[in-house]
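Trainee: Below you will find the structure I want to go over with you.
The values are calculated or read from the model by the stated rules, or taken from the named source; none is laboratory data. Being a predicted model, the structure only gives us computed values, none of them experimental. Neighbour counts run over all protein chains shown; Cβ positions are idealised from the backbone, glycine included. Remember, those area values only see protein heavy atoms, side chains included, never the ligands or the DNA or RNA. Shrake-Rupley method; radii C 1.70, N 1.55, O 1.52, S 1.80 Å.
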Amino acid sequence: MDPRTNPYAPGAGNPPPELAGRDDVIERAAIALDRIRSGRPARGIILVGLRGVGKTVLLNHIRRDAEARGLVVVAIETPEDRSLPSLLVPALRVGLLQLSRIEALKAKLEAAGRALASAAKSFKLKFQDVEFNFDLAAEPGVADSGDFERDLSDLVMAIGLAAKERGTALILAIDELQYVPEKQLSPLLAALHRASQEQIPVAMIAAGLPQLIGLAGKAKSYAERLFEFVEIGQLGTRDAELALCRPAEREGVAFSAGAVEEILRQTMGYPYFLQEWGKHTWNIAKASPIAALDAVAATRSALAELDASFFRVRFDRLTPMEKRYMRAMAELGPGPHRSGDIAEMLEKKVTTVAPVRSSLVAKGMIFSPAHGDNAFTVPLFDGFMRRTTPLAK
């Protein structure tokens, strides 16, 4: 096939040509955000799932839909090495600029701007990576106490009041939320809780790894009542077939039943891998319909590319001991695996390797689906470890 017309789009957050199997989540999010804008009670949405299930794609889709309906949405991605305030200040400034397009909001907007200036100065005292440059003077007594939780709550309320007067809502769309430390996540949840109680139209939609459910609950016990945690997983057989076949059909190309069966077996219905296998199968096939042998050949090239990029960039962040821990997990299979079984594979005590496990959780490489269990956050990572890393004790 001509690679110039290859319809598949593997990549970090790239929208797939066919967003299959997610309509229900998109509609639930739209209803919740519209209710929040109109002052009716609703919970924010937090998408949780493994790498490669399409959380970022879905979050961005919900964000764009909300923007199209007139909501003010600020997008934030939280890296491991930045404080939440350093990300919130410029994002909220963008939100204020969007609201400033309405002249009738001038008084409330200026109050919110002064609150943001106050908060930025207050946050700077505690979080050195906060940068700010505002034309408006700070508002004395608003968001300037030096207490992060109180100041963030004041700031959210001030901007929310400006959004309410406009007849819209301010939505924080935060990706990789699991990287926000508990001491910073807790004030954010408290600010959103206060806004919800006061029927101020401010809410959060977010995405993160499975451990985010526990992290949010630990930060604030009411998190499960403030948000709807939506687990995003593999696509079912029918939706996986649509995600794979429909983009090719638009280009006048078909897959044989054998090719579809081989690709679904290898990808296990994970959306990112469906895009990878689709791309490689298209490039290998000579004619339509794409044959099972084309899909088998694509498995080799897809895995080689994943090993060199998708898996490798995560592997290279690990210490030698973390790599050994992950390799022991891989030897046991896809998982989940008991901590004791992994320690036994390493010929060490559970307590000895516990710090390694904690570090891998913090890096987003593994999570605990149940007490004492450990699982990879990246699907198929066990196979990568077995292919590339010798087992060492």
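Trainee: So which residues in region 188-210 are closer than 29 Å to residue 366 by Cα and without any contact (Cβ under 8 Å) to a residue 40 or more places away in the chain?
Mentor: Scanning region 188-210 gives a single hit, 189.
Here is a yes/no grid of residues against (1) under 30 Å from residue 365 (Cβ atoms); (2) assigned to a helix (DSSP H, G or I); (3) open to solvent by 30 Å² or more (accessible area, probe 1.4 Å); (4) not acidic (Asp, Glu):
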| residue | (1), (2), (3), (4) |
| --- | --- |
| 241 | no, yes, yes, no |
| 246 | no, yes, yes, yes |
| 261 | no, yes, yes, no |
| 273 | yes, yes, no, yes |
| 283 | no, yes, yes, yes |
| 293 | no, yes, yes, yes |
| 297 | no, yes, no, yes |
| 307 | yes, yes, no, no |
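Trainee: Right, something else. Run residue 207 past the list (1) open to solvent by less than 20 Å² (accessible area, probe 1.4 Å); (2) out of contact with any Lys or Arg (no Cβ under 7 Å at 6 or more places or on another chain); (3) not in a loop (DSSP other than H, G, I, E, B) and report the number of the one that doesn't hold.
Mentor: Condition not satisfied by residue 207: (2).
Trainee: I would also like to ask the following. List every residue pair whose Cβ atoms sit under 6 Å apart, with the two residues 6 or more apart in sequence or on different chains, where the first one lies in region 1-30 and is over 16 Å from residue 232 (Cβ atoms) and the second, anywhere, is among the polar types (S, T, N, Q).
Mentor: Matching pairs, first to second residue: 3/283; 8/275; 9/275; 10/275.
Trainee: Which residue is farthest from residue 375 (Cα to Cα), if the candidates are limited to region 19-38 and must be open to solvent by less than 30 Å² (accessible area, probe 1.4 Å) and in a loop (DSSP other than H, G, I, E, B)? Can you show your working first?
Mentor: First pass over region 19-38, keeping only residues open to solvent by less than 30 Å² (accessible area, probe 1.4 Å): 20, 22, 25-26, 29-30, 32-33, 36.
Subset that is in a loop (DSSP other than H, G, I, E, B): 20, 22.
Numbers: 20: 26, 22: 24 Å.
Filtering first and then ranking leaves 20.
Trainee: Please name all residue pairs, on different chains or six or more residues apart, with Cβ atoms under 7 Å, provided the first residue is in region 37-63 and is touching a residue at least 40 places away in the same chain (Cβ under 8 Å) and at negative phi and the second residue is open to solvent by less than 30 Å² (accessible area, probe 1.4 Å) and of a type in the set (Phe, Trp, Tyr).
Mentor: 43/227; 44/227; 45/227; 46/227; 53/270
Trainee: Within region 364-379, which residues are open to solvent by 40 Å² or more (accessible area, probe 1.4 Å) and either within 18 Å of the chain's Cα centre (by Cα) or in contact (Cβ under 8 Å) with a residue 24 or more places away in the chain (or both)?
Mentor: So in region 364-379, the residues open to solvent by 40 Å² or more (accessible area, probe 1.4 Å) come out as 368-371.
Residues satisfying the conditions are 368, 369, 370.
Trainee: Is there a residue in region 160-168 that is open to solvent by 30 Å² or more (accessible area, probe 1.4 Å), closer than 23 Å to residue 223 by Cα, at pLDDT 60 or above and of a type in the set (D, E, K, R)?
Mentor: No, because not a single residue in region 160-168 is open to solvent by 30 Å² or more (accessible area, probe 1.4 Å), closer than 23 Å to residue 223 by Cα, at pLDDT 60 or above and of a type in the set (D, E, K, R).
Trainee: Examine region 227-236 for a residue that is surrounded by fewer than 19 Cβ atoms within 10 Å (Cβ to Cβ) and assigned to a helix (DSSP H, G or I), and state whether such a residue exists.
Mentor: No.
Trainee: So which residues in region 49-58 are under 19 Å from residue 216 (Cα atoms) and surrounded by 24 or more Cβ atoms within 10 Å (Cβ to Cβ), if there are any at all?
Mentor: 55
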